[in-house]
Amino acid sequence: MVKHDPITGRYVYLTVEGIEYRVYYEEAGKGIPLIVGHTAGSDGRQYRSVLCDAEVTNNFRVIAFDLPYHGKSLPPYGVRWWEQEYNMTKARMMAFPNALSDALGLERPVYMGSSMGGHLAVDLASNHADRYRATIAVEGALRSAVEYVDVGMAGIRKEFDNPNVNRTSIGAAMMLNISPYSPEENVREIQWEYSCGGPGIFAGDLLYYYYEHNMSDAEAAAIDTSKCMLYMLTGEYDPNTSPKESEALAKLVKGSKFWPMKNLGHFPVTENYPEFRKYLLPILAEITAKK
Amino acid sequence: MSIEANAFAEAARNDFEFTRETRYLNGTIKVDFGSAVWALNFVGGALASVTDGAKIDDRDCKIVVGGTAEQWNMLLEPKPKPFYQCIQSAAVKHGMRISTTNESFAYLPGLNRMTTLLRQLQNGRA
């Protein structure tokens with residue numbers, strides 16, 4: 001008997017900042033739209049377990065997309081992208097899920113993202129509360145940990161965009177983010193996905209992750225969770241955005257909810273989905289109840 | 001830390017991943033354990049010898065990693081506490097050190113594997 005995952009993949013054309021992008025997305029399920037955003041330098045494959053989880057897809061239409069330059073979303077055709085350095089900005093990060101939502105005709109979807117996608121969940125709750133009924137920040141915070149921010153883009157490019165270093169090392173570097181309790185098969189899968197990234201893309205994404213996302217206390221305090229509920233989940237072993245950093249954000253956002261996740265790291269969705277879903281499913285049940 | 005240099009050398013030479021991830025490396029990886037210093041000497045990608053590295057200047061090494069004996073013990077726990085999961089996170093969060101040469105980044109997969117082998121030896125699972 002042939003075995004398939006219940007996932008369908010398609011390409012959609014999105015125009016962002018005047019450029020047309022051919023964007024790949026996968027989806028599964030029916031119900032409340034749930035857009036899921038991947039981490040810096042990776043792609044939507046990170047969400048394969050969510051897409052295959054019937055307890056999620058019974059009530060949610062899960063849509064995992066690859067940002068342009070990531071996964072199966074090629075660089076834009078007709079743009080001389082090889083003549084410019086790739087960098088991800090906050091405006092562009094917010095524009096892609098918004099454009100995807102418009103193109104697919106989604107009605108106030110939920111957005112869940114991890115790492116830079118987690119920071120994005122916070123930015124969307126602040127800037128686009130009318131578009132989303134809720135956002136789920138996985139490893140999100142006001143900003144990333146200062147020790148890493150202080151490295152600077154030059155240091156980041158030396159490690160992650162260096163012709164002396166092949167992209168296997170980007171995967172290897174992710175070990176710093178991963179819990180020792182995560183099954184090794186999953187660790188290797190995360191590293192594989194990172195090793196597949198395009199040249200300079202991970203480093204360019206980190207512009208948003210470390211610098212463009214930098215929310216003030218006042219902006220966080222102004223997030224209106226009655227319009228767009230903000231949930232936060234952060235792994236105990238994440239040095240880039242530790243539970244302490246997410247908790248600082250949670251204390252500022254009235255009505256938000258935050259759970260630290262024991263024995264999980266920066267990539268909880270892939271590191272150990274059976275453990276991650278113990279935190280995710282109650283959140284999704286709450287969103288469903290509010291529908 | 002009570003690992004014998006010879007035991008590490010044997011484990012490393014017999015380990016597929018370590019030998020693959022150190023391919024083409026020429027030069028020395030200095031590993032400073034606080035109580036002892038090893039020089040892992042590579043020729044053409046092969047671990048030629050493990051010698052006393054105490055008198056080798058960092059500038060003569062391709063890669064340098066180090067920490068106190070206590071930090072290494074934390075790093076080599078079977079399930080280390082947060083941010084001792086690898087040398088890089090332990091450096092940023094707990095004060096261990098790792099050089100930032102091109103080779104340090106290029107051979108990071110090998111350094112991760114070295115940590116795994118040391119962890120196995122430390123915990124009697126080699």
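One residue alone among A:Leu106, A:Leu124, A:Leu100, A:Leu120 is part of a loop (DSSP other than H, G, I, E, B) and hydrophobic (A, V, I, L, M, F, W, C), and that residue is A:Leu106. Under the condition of being over 10 Å from A:Thr241 (Cα atoms) and open to solvent by 30 Å² or more (accessible area, probe 1.4 Å), which residue from the range A:136-154 is farthest from the other protein chains (Cβ to nearest Cβ)? Checking each candidate, the answer is A:Met153.
Only a single item in (1) polar (S, T, N, Q); (2) within 30 Å of A:Lys262 (Cα to Cα); (3) open to solvent by 40 Å² or more (accessible area, probe 1.4 Å) is not met by B:Asn6, and it is number (2). No other residue among B:Ala48, B:Ala7 is in contact (Cβ under 8 Å) with a residue 24 or more places away in the chain and more than 14 Å from chain A (Cβ to nearest Cβ) apart from B:Ala7. Note on the range B:9-34: residues that are of a type in the set (S, T, N, Q) and open to solvent by 30 Å² or more (accessible area, probe 1.4 Å) total 3. In the set (1) over 23 Å from A:Tyr47 (Cα atoms); (2) surrounded by fewer than 16 Cβ atoms within 10 Å (Cβ to Cβ), A:Ala220 fails one condition alone, (2).
Quick grid of which residues meet (1) of a type outside the set (Lys, Arg); (2) within 28 Å of A:Asn162 (Cα to Cα); (3) part of a helix (DSSP H, G or I):
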| residue | (1), (2), (3) |
| --- | --- |
| A:Pro6 | yes, no, no |
| A:Glu26 | yes, no, no |
| A:Arg45 | no, yes, yes |
| A:Ser49 | yes, no, yes |
| A:Pro68 | yes, yes, no |
| A:Pro76 | yes, yes, no |
| A:Tyr111 | yes, no, no |
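Residues of the range B:86-108 that are facing another protein chain (nearest Cβ under 7 Å) and open to solvent by less than 10 Å² (accessible area, probe 1.4 Å): B:Cys86, B:Ser89, B:Leu108. On the basis of being acidic (Asp, Glu) and without any contact (Cβ under 8 Å) to a residue 60 or more places away in the chain, does A:Glu193 make the cut? So A:Glu193 fails the test. Scanning the range B:67-82 for residues being crowded, with 23+ Cβ neighbours inside 10 Å and within 8 Å of another protein chain (Cβ to nearest Cβ) gives a total of 0.
Considering the range A:80-130, the residues that are farther than 18 Å from A:Ile223 by Cβ and of a type in the set (Gly, Ala, Ser) include one that is surrounded by the fewest Cβ atoms within 10 Å (Cβ to Cβ), namely A:Gly105. Of the residues screened, B:Ser89 is one that is of a type outside the set (A, V, I, L, M, F, W, C), over 13 Å from the mean Cα position of the chain (by Cα) and part of a helix (DSSP H, G or I). Any residue in the range A:171-184 that is under 21 Å from the mean Cα position of the chain (by Cα), at negative phi and among the charged types (D, E, K, R)? No: zero hits. Of the residues making up the range A:127-138, those that are of a type outside the set (Phe, Trp, Tyr) and in a loop (DSSP other than H, G, I, E, B) are A:His128, A:Ala129, A:Asp130, A:Arg131, A:Arg133.
Looking only at the range A:8-24, residues that are hydrophobic (A, V, I, L, M, F, W, C) and part of a loop (DSSP other than H, G, I, E, B) come to 0 in all. Within the range A:161-183, one or more residues are over 23 Å from B:Glu103 (Cα atoms), crowded, with 21+ Cβ neighbours inside 10 Å and out of contact with any Cys (no Cβ under 9 Å at 6 or more places or on another chain).
Any residue in the range B:35-45 that is modelled with pLDDT under 95, more than 14 Å from chain A (Cβ to nearest Cβ) and open to solvent by 50 Å² or more (accessible area, probe 1.4 Å)? Looking for residues that are modelled with pLDDT under 95, more than 14 Å from chain A (Cβ to nearest Cβ) and open to solvent by 50 Å² or more (accessible area, probe 1.4 Å), one finds at least one in the range B:35-45, hence yes.
The values are calculated or read from the model by the stated rules, or taken from the named source; none is laboratory data. Since the structure is predicted, the reported quantities are computational estimates derived from the model, not experimental observations. Neighbour counts are summed over all protein chains in view; Cβ atoms, including those assigned to glycine, are modelled from backbone coordinates with ideal geometry. SASA here: full protein model, heavy atoms, side chains in, ligands and nucleic acids out. Shrake-Rupley method; radii C 1.70, N 1.55, O 1.52, S 1.80 Å.
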